[in-house]
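The values are calculated or read from the model by the stated rules, or taken from the named source; none is laboratory data. Computed from a predicted model, the values in this text were never measured in an experiment. Glycine gets a Cβ as well: all are built from the backbone with ideal geometry, and neighbour counts include every protein chain shown. Only protein heavy atoms, including side chains, enter the accessible area calculation; ligands, DNA and RNA are left aside. Shrake-Rupley method; radii C 1.70, N 1.55, O 1.52, S 1.80 Å.
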Amino acid sequence: MKFRASSVALFVAVAAVIVFPFTDSAFYTELLAKAMILAIFALSLDLLVGYTGLVSFGHAAYFGIGAYATVLLAPKYDPASLWVVLPGAVVAAGLAALIIGLFVLRTRGIYFIMVTLAFAQMVYYVFHDTAIGGGSDGIYLNFKPSAALGAFRPFDLEQARQQCWFVTAALLITWWFLARLLRSPFGRAIVGIRSNEQRMRALGFATVRYKLAAFTIAGAIAGLAGSLYAILFGFVTPELLSWHQSGNVLLMVILGGIGSFAGSVGGAFAFVAMQEVFSGWTRHWQLLMGGVIVAAVLFLPGGLAALPGRLKRAFGADRG
Amino acid sequence: MADVLLAAEGLTRLFGGLAANRDVSLSLARGEVHALLGPNGAGKSTCINLLSGDLPVTSGRVLLRGKDVTALPNHKRSLAGIGRSYQRTNIFAKFTAFENCRLAAQSRDPRAWRILSDAHGTVALRDRGRAALEQAGLGARADIVAATLSHGEQRQLEIAMVLATGAAVLLLDEPLAGMGSEESARMIELLKQLRPAHAILLVEHDMDAVFEVADRVTVMVEGRVLESGPPAQIRASAAVREAYLGEPV
């Protein structure tokens with residue numbers, strides 16, 4: 001019963017997202033794509049925070065590396081091939097996560113949070129203070145990458161509608177991949193590690209290697225999100241990997257409900273929507289946003305993911 | 001003597017200046033239950049932690065089937081065949097009893113790193129998990145979430161998980177702690193059942209249980225081995241009586 005209701009909800013949501021670009025509102029189509037990209041980003045962080053038990057406060061580093069890699073891999077005066085820059089960004093971010101993971105996974109708890117933040121700040125200053133990516137001004141992606149495979153052109157990212165659908169596909173594939181990963185032997189092992197790492201070691205699991213793999217996968221997916229972000233806006237600045245961005249994605253996961261993929265997607269959408277609405281009202285929109293987040297943590301501890309269950313309990317009595 | 005699987009030679013562990021274990025030697029043979037007795041703070045749990053690799057030794061050696069495993073971290077010792085349970089119940093509370101055991105069995109699966117196949121698709125691991133549950137007497141409780149099992153059942157699950165890994169050496173830290181008499185009796189039956197195929201180290205406070213099941217008893221006091229021998233010798237020992245048992249047994 002519950003399964004069917006959530007399936008229907010998912011189906012309706014996906015249908016709405018696919019149909020939406022037909023409204024021909026360039027602004028809202030771009031906003032929708034942005035929300036979906038941040039949803040991919042939030043999903044990747046939830047794999048760490050919600051399922052592996054690793055609270056990373058430097059996840060923007062991999063998002064930013066994916067974004068910069070996309071621009072830096074593209075030729076200046078020609079469109080790049082999507083099939084080069086997208087995998088390139090994923091590999092670059094994954095590699096960075098692998099290397100940084102080797103260091104940060106030696107720490108635990110509050111130290112892990114601080115060390116992930118420190119590494120992210122280091123990456124931030126590399127792009128902020130050197131000429132690699134245009135310094136603090138950032139760098140432009142002059143052409144949208146081309147999806148052409150030889151003579152065959154499956155879709156065109158210059159078309160806002162098709163671009164939005166491409167992002168939709170990326171989100172759905174990421175979500176499917178992560179859901180599938182959680183049911184795999186590897187997924188069971190990382191959930192076991194979050195639940196009780198000591199026991200996992202006693203059972204013979206090399207837990208650090210599993211955590212490193214999860215950290216790398218999460219970094220790679222964040223890189224995918226960063227790449228799509230760079231393609232969508234055609235512009236990359238160091239702000240993409242600042243600690244604000246790491247904090248924002250953590251808030252999306254908390255708002256949506258830690259340890260729920262649907263929650264992370266919902267959290268990202270809610271975050272983007274609030275940002276949009278509140279900044280239309282006042283320059284001090286972050287104050288309002290902060291208030292909402294405090295309220296959410298206080299009154300809805302399980303995040304948006306806990307909302308259906310709560311509503312059911314609240315209204316269940318009427319139906320008997 | 002018998003088929004010695006695990007031997008400790010002169011294990012010493014210092015915490016600052018304090019010796020939690022000093023020069024502890026003991027051996028565990030297949031087909032024997034070796035009980036480790038001692039008052040609180042005698043170093044019994046530390047001893048298990050040194051054998052399992054949860055704690056590194058300050059000096060001394062741990063030999064598994066004659067091979068030095070002292071340098072191996074705990075997960076590698078587990079893979080080599082040393083299984084342990086914990087004094088305080090240490091299970092995956094949100095998983096079902098079955099999933100606790102299936103995951104334990106998965107630790108032995110060389111294909112455990114696959115990320116896109118279904119964890120429950122590997123029949124051999126499911127069978128192994130089920131068999132361990134059955135053996136520990138939890139066959140009927142497989143689909144119950146571990147957190148909602150009774151305390152006694154959780155203690156059984158602790159053992160079932162170790163069995164699912166196929167460990168030859170079982171280091172059991174107070175498996176009877178907090179159990180009712182009926183549950184204790186069942187656990188003792190289980191230990192007797194496991195004895196022929198395993199080398200068992202049993203840390204336990206329940207004297208009746210220890211003397212019912214143990215083939216060999218080592219008594220520790222203040223981190224040292226006070227006396228080691230067959231149960232009859234320990235019962236008769238004046239030193240043990242004075243140091244620990246307090247009154248004639």
(request) Examine segment B:118-139 for a residue that is of a type in the set (S, T, Y) and modelled with pLDDT of 90 or more, and state whether such a residue exists. (result) no
(request) Among the numbered conditions (1) open to solvent by 20 Å² or more (accessible area, probe 1.4 Å); (2) of a type outside the set (K, R); (3) in contact (Cβ under 8 Å) with a residue 12 or more places away in the chain; (4) within 25 Å of B:L176 (Cα to Cα), tell me where B:N40 comes up short. (result) (3)
(request) Please work out which one of (1) open to solvent by 10 Å² or more (accessible area, probe 1.4 Å); (2) more than 16 Å from the chain's Cα centre (by Cα) is the condition B:V219 fails and give its number. (result) (1)
(message) Any residue in segment B:10-33 that is closer than 16 Å to B:P56 by Cβ and without any contact (Cβ under 8 Å) to a residue 60 or more places away in the chain sitting within a Cβ distance under 8 Å of a residue that is part of a strand (DSSP E or B) and open to solvent by 70 Å² or more (accessible area, probe 1.4 Å)? List the pairs, counting only those 6 or more apart or interchain.
(response) B:G10/B:D23; B:G10/B:R61; B:L11/B:D23; B:L11/B:R61; B:T12/B:R22; B:T12/B:D23
(message) For segment A:51-70, which positions are surrounded by fewer than 24 Cβ atoms within 10 Å (Cβ to Cβ) and aliphatic (A, V, I, L, M)?
(response) A:V55
(request) Residues being assigned to a helix (DSSP H, G or I), under 13 Å from A:S44 (Cα atoms) and open to solvent by 30 Å² or more (accessible area, probe 1.4 Å): count how many of those fall in segment A:255-284. (result) 1
(request) Look through B:A209, B:A168, B:A243 and report the one residue that is open to solvent by less than 20 Å² (accessible area, probe 1.4 Å) and over 30 Å from B:D127 (Cα atoms). (result) B:A209
(request) Could you check how many residues of segment B:94-108 are open to solvent by less than 40 Å² (accessible area, probe 1.4 Å) and at the interface with another protein chain (Cβ under 7 Å from one of its Cβ atoms)? (result) 4
(message) Filter segment B:1-50 down to the residues that are among the polar types (S, T, N, Q) and not in a loop (DSSP other than H, G, I, E, B) and list them by number.
(response) B:T12, B:N21, B:S25, B:S27, B:S45, B:T46, B:N49
(message) Can you say whether A:I173 is open to solvent by 30 Å² or more (accessible area, probe 1.4 Å), touching a residue at least 60 places away in the same chain (Cβ under 8 Å) and of a type in the set (V, I, T), as far as the supplied structure shows?
(response) no
(message) Tell me whether segment B:63-80 contains one or more residues that are among the charged types (D, E, K, R), part of a loop (DSSP other than H, G, I, E, B), outside the structural domain of B:R13 (by TED's automatic domain parsing) and touching a residue at least 24 places away in the same chain (Cβ under 8 Å).
(response) no
(request) Look through segment A:201-212, keep the residues that are of a type outside the set (K, R) and more than 8 Å from chain B (Cβ to nearest Cβ), and return whichever of them is most open to solvent (accessible area, probe 1.4 Å). (result) A:V208
(request) Could you tell me whether A:G138 is at pLDDT below 95, open to solvent by less than 30 Å² (accessible area, probe 1.4 Å) and among the small types (G, A, S)? (result) yes
(request) Mind counting the residues in segment B:23-66 that are within 14 Å of chain A (Cβ to nearest Cβ) and at positive phi? (result) 1
(message) Please determine whether any residue of segment A:179-191 is in contact with a His (Cβ under 6 Å, 6 or more places away or on another chain), among the basic types (K, R) and either open to solvent by 40 Å² or more (accessible area, probe 1.4 Å) or within 8 Å of chain B (Cβ to nearest Cβ) (or both).
(response) no
(request) Tell me, please, whether a residue that is within 12 Å of chain A (Cβ to nearest Cβ) and in contact (Cβ under 8 Å) with a residue 40 or more places away in the chain can be found in segment B:116-131. (result) no
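One line per residue, one yes/no per condition, for (1) of a type in the set (G, A, S); (2) in contact with a Phe, Trp or Tyr (Cβ under 6 Å, 6 or more places away or on another chain):
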position	(1), (2)
A:L241	no, yes
A:V249	no, yes
A:I254	no, no
A:S260	yes, no
A:Q275	no, no
A:L287	no, no
